[in-house]
Each structure stands twice: as structure tokens, then as C-alpha cells.
Amino acid sequence: MHREPLLRLLRRYLERWPEDRPRVARVIEFVRAHEDCFERSCREGHVTGSAWILSPDHRYVLLTHHRKLGRWLQLGGHADGDNDPLRVALREAREESGMRWFRPLPEEPEPVPLDVDVHDIPACSDEPSHAHFDVRFLLEAEPGQELVASEESQALQWVERTRLCDFVDEESQLRMEFRARSVLATLAAGRPPRD
């Protein structure tokens, strides 16, 4: 079953972030009910992948000012049939930033997501309102790469993490930042995150 790797990943995610059980239960229910959950054509919603991208020194997070939504967001997008959310997050990070090289944090044989979120997308042109079942990963950009904004973005900006609240106020984005701090602190202490 092409959905089983995602379901397995979500179970591993719950081992690390058990407080997210209600939200993840909704994602699991959706994935089990929709064989086409990775396709944009699934009108109720679809699985997406996002990246919370840190600068090499971890002082900055990369945000895009989304052209359609008019807000600062993390980079990410549609799976378009790909059943591996990390691969989706990496692809979208490359397409939307112009950078090529990232490493997931923490580096593990199979990295665990930083966050899982379900959010509603408003109707736009020929697309009805629907849900994004977003699987988000913490990535570190390799040094010395130039940013090149995609057509989806009005701007790309490295935002000092201490000033994040000047750019975003959504609970899910602030949750990613809080968790990124937790992951980095445990990595610095030599412990596995939340294990």
C-alpha cells in the first residue's frame, strides 16, 4: 500500500510528539479514507510537505511571502503523487528557494517530522476550499547558497528567529519554531529529541 510509509511515519511522529494525537488522528483517518490522498485532484484535501529551513548558523529561518495568500509562510507544497513527505518538503524547498542543498535535523536514517498540521485553504479560481494535511520537517540549509524566489513568491527572506513574531502570528508556525528550539537544544546536549 503506497500510504503505509506515511502511516508508519505518523506513528513514529506520535512517539516523539504525543501531545499531537488528536490532530494526527485526523490525518491518519484522512489518509486511510482516501487512496488518492497524495493527489491534488482529491477535492476534500491532500497531503502536503513543508520545510522549516534554518540558516547554517541557526540564527535565521527562511520564509516566503506567498503570492496567492499574501502572508509569510514556510516553504512547501503539494505532494503531486509523491508518497514521501520528506522528499516533497525537500523538492519544494529547492523549487521555492533556488537553493539545492539541505540536511534534515535531526539527521536520522528516517527523519521524524517537526510538526504535522491540518489547515484550511480558501477557494481560489477553479479550486474549491479544501484541507492541507501538512507534514513538516526541520531542515538546515548548507552555507553559501544564493536565494532565488519562485513565481509563487513575492519575496524570500531570512528572518532572524528572535523577530519571527514580526512576520507570523499563526499558532502552527510558532509551534514549529518552539519545536525547532527544542530539537536544537537536545542535539546540542547530545540527546535524541524527545526520546
Task: Hits in region 178-189 - residues which are farther than 15 Å from Pro104 by Cα and under 15 Å from the mean Cα position of the chain (by Cα) - done: Phe178
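Answer yes or no: is there a residue in region 173-188 that is closer than 15 Å to Ser50 by Cβ, exposed (fewer than 15 other Cβ atoms within 10 Å of the Cβ) and without any contact (Cβ under 8 Å) to a residue 60 or more places away in the chain.
Scanning region 173-188, I find at least one residue that is closer than 15 Å to Ser50 by Cβ, exposed (fewer than 15 other Cβ atoms within 10 Å of the Cβ) and without any contact (Cβ under 8 Å) to a residue 60 or more places away in the chain, so the answer is yes.
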Task: Answer residue from region 38-56, given it is touching a Gly at 6+ places or on another chain (Cβ under 8 Å) and assigned to a loop (DSSP other than H, G, I, E, B) and is farthest from Leu138 (Cα to Cα) among those - done: Glu39
TODO: Answer yes or no as to whether Ala89 is touching a Phe, Trp or Tyr at 6+ places or on another chain (Cβ under 6 Å) and either outside any strand (DSSP E or B) or farther than 20 Å from Ser172 by Cβ (or both).
DONE: yes
Task: strands (runs of 3 or more DSSP E) enclosed by region 99-155 - at least 1 residues per element that are surrounded by 17 or more Cβ atoms within 10 Å (Cβ to Cβ) and of a type in the set (Gly, Ala, Ser) - done: 130-141
Task: Matching option when the condition is surrounded by fewer than 21 Cβ atoms within 10 Å (Cβ to Cβ), within 27 Å of Leu156 (Cα to Cα), in contact (Cβ under 8 Å) with a residue 24 or more places away in the chain and more than 14 Å from the chain's Cα centre (by Cα), among Arg32, Arg23, Arg67 - done: Arg67
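Laboratory data are not the source of any read-out in this text; all were calculated from the coordinates shown. On a predicted model such as this, the values are computed, not experimentally measured, just so you know. Backbone-built Cβ (ideal geometry, glycine too); neighbour counts: all protein chains shown.
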